Amino acid sequence: MRHLLSIADLGRVGIEGVLRLTDSFVEVSARRIPKVPALRGKTVATVFYEDSTRTRVSFETAAKRLSADTMTVTVGTSSVNKGESLRDTAETLDAMGVDALVVRHASAGVPFQVANWVEASVVNAGDGWHEHPTQALLDCYTISERLGTLQDKRIAIVGDIKHSRVARSNVLAFSLLGAEVTLVGPKTLLPPNLERWPVEVSSDLDAVLPKVDVAYLLRLQSERQTEALIPSLREYTATYGLTRDRARLLRDEAIVMHAGPMNRGVELAPEVADSDVSVITRQVANGVAVRMAVLYLLLSGDGEAPIDGG
Amino acid sequence: MAERERRVTPPYGGVFVPRSQVLDADGVGRALVRIAHEVLERNSGVDDLVVVGLQTGGVPLAERLADELERIEGSEVPVGTLDVAFYRDDIGLRPVLPEAATEIPVDLGGRTVVLVDDVLFTGRTVRAALDALTDFGRPRAVQLAVMVDRGHRELPIRPDYVGKNLPTRRDEVVDVSLDGVHIGELVKR
């Protein structure tokens, strides 16, 4: 494995390989000294053309726990402000001998393009509305941690599917691992051509919730309201928010997930987010371990590390 | 004995085909009993002792050794497991993936660790294990027990307790389990 650009690159076997390796890094993260020398001498640069706290810090923590050196390139402080092109930035970092570029960009496909230009390994940390593969991997890990497996589990992904890279990567990953996915949201926030997706579609959250093992809430991007895709935040919450009352429809063993950053009180009620059914903090903790596994697979060995573990 | 899959033994991947038996199951058992007595003699009992088996070959031996120590002394000895994949110096030369779980049940600070492995060869696994152990505390001492010392050391490392000294050629493969010790070859599939 040289790059991680899309969940589709991994396939079922690849995802399972990453999840198995993640077990070891969860153990490392729980140690008194949560650091191993595995990637000593490697350099990981996070190149973010879009705001992010948790993903960037998560990748940097992961790299540091593997003893790699990290560099942070953010648009605000880099030569991008002087008009440097994406390609020049990538090639400059590559020429400095950076081993991995973790790339986030508002346009779909940018990490794919960067991968064509550089020798370094490229990790897609979110490209436009397209994909966010490490989020999907940490979500899969968190679900199997709580429910044992994803096989035959029912998962509802609720909210703004259309503009969500998290939803795209998760639909791919969840269905590759055998889960049944239902998308729930207003028609204006569902993407076109859904018939080609391996999912069910519903606009009735109350009917879906009692049947699912996982309720996955997506962030309602507030800028969508100005685009008149939803009538008002209050109406959105009334119809598609996981309110305290609605959370009672969930089965006892069901879990609630959110990729963050969440709008408390919009898509998810604070009482639900902070209750036992929520695994949101597990998602964040597992995110570091999953990204350690991804960086380790990309940067250890000659890129020929067998993904099937063993 | 049955052919065993060996994924991590050089030349990395293949099926172990035994040529001759060096110890049988009883022989391995007797060696472990002797090592248990040696450990007790050296450490004057089992106080502050922790037995740590290296994944994967050292783990069943470590459990048996701890059982023997308990049987002789009558008090419990904590057993841990250690996978050294992330500490190896050949990351980058070949795929190094962890094989099994690391589980250290107690803080190692101030304790005496008996590190157990099946075969001592180049010494590089033990070097990695010593690095790994320090991340779990500062042991008072680390002692090394191996079922087979086959020579060909590449680092200044020597065992404290040895089941069997076994002169070998570099290209031979030694297989150790509780069922016995065998010498043979690795056949690529």
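Once segment B:145-157 is narrowed to residues that are under 25 Å from B:R64 (Cα atoms) and out of contact with any Phe, Trp or Tyr (no Cβ under 7 Å at 6 or more places or on another chain), the residue that is surrounded by the most Cβ atoms within 10 Å (Cβ to Cβ) is B:M147. Strands (runs of 3 or more DSSP E) fully within segment A:46-128 that include at least 2 residues being in contact with a strand residue (DSSP E or B) (Cβ under 9 Å, 6 or more places away or on another chain) and among the small types (G, A, S): A:121-127. Restricted to segment A:170-233, the set of strands (runs of 3 or more DSSP E) holding at least 1 residues that are touching a Phe, Trp or Tyr at 6+ places or on another chain (Cβ under 6 Å) comprises A:180-184. Does B:D107 satisfy being of a type outside the set (S, T, Y) and within 9 Å of another protein chain (Cβ to nearest Cβ)? When the stated conditions are applied, B:D107 passes them.
Do you know which residues across segment B:135-189 are on the phi > 0 side of the Ramachandran plot and either part of a loop (DSSP other than H, G, I, E, B) or β-branched (V, I, T) (or both)? Selection gives B:G137, B:G151, B:H152. Only one entry of A:S300, A:S278 meets the criterion of being under 18 Å from A:I15 (Cα atoms), surrounded by 19 or more Cβ atoms within 10 Å (Cβ to Cβ) and either at pLDDT below 95 or over 14 Å from the mean Cα position of the chain (by Cα) (or both), and that entry is A:S300. Within segment B:82-104, the set of residues being within 8 Å of another protein chain (Cβ to nearest Cβ) and in a strand (DSSP E or B) comprises B:I91, B:R94, B:E103.
Close Cβ contacts (under 7 Å, 6 or more residues apart or on different chains) running from residues in segment A:220-247 that are modelled with pLDDT of 85 or more to residues that are basic (K, R) comprise A:I230/A:R224.
Would it be correct to say that A:V36 is over 18 Å from the mean Cα position of the chain (by Cα) and in a helix (DSSP H, G or I)? So A:V36 does not fit the description; no. Of everything in segment B:105-125, what is touching a residue at least 60 places away in the same chain (Cβ under 8 Å) and within 15 Å of the chain's Cα centre (by Cα)? Give them in sequence order. Once the filter is applied, which keeps residues that are touching a residue at least 60 places away in the same chain (Cβ under 8 Å) and within 15 Å of the chain's Cα centre (by Cα), segment B:105-125 yields B:V113, B:V114, B:L115, B:V116, B:D117, B:D118, B:V119, B:T125.
The values are calculated or read from the model by the stated rules, or taken from the named source; none is laboratory data. Note that this is a predicted model, so its numbers are computed, not measured. Here Cβ is always computed from backbone atoms with ideal geometry, including for glycine, and neighbour counts include all displayed protein chains.
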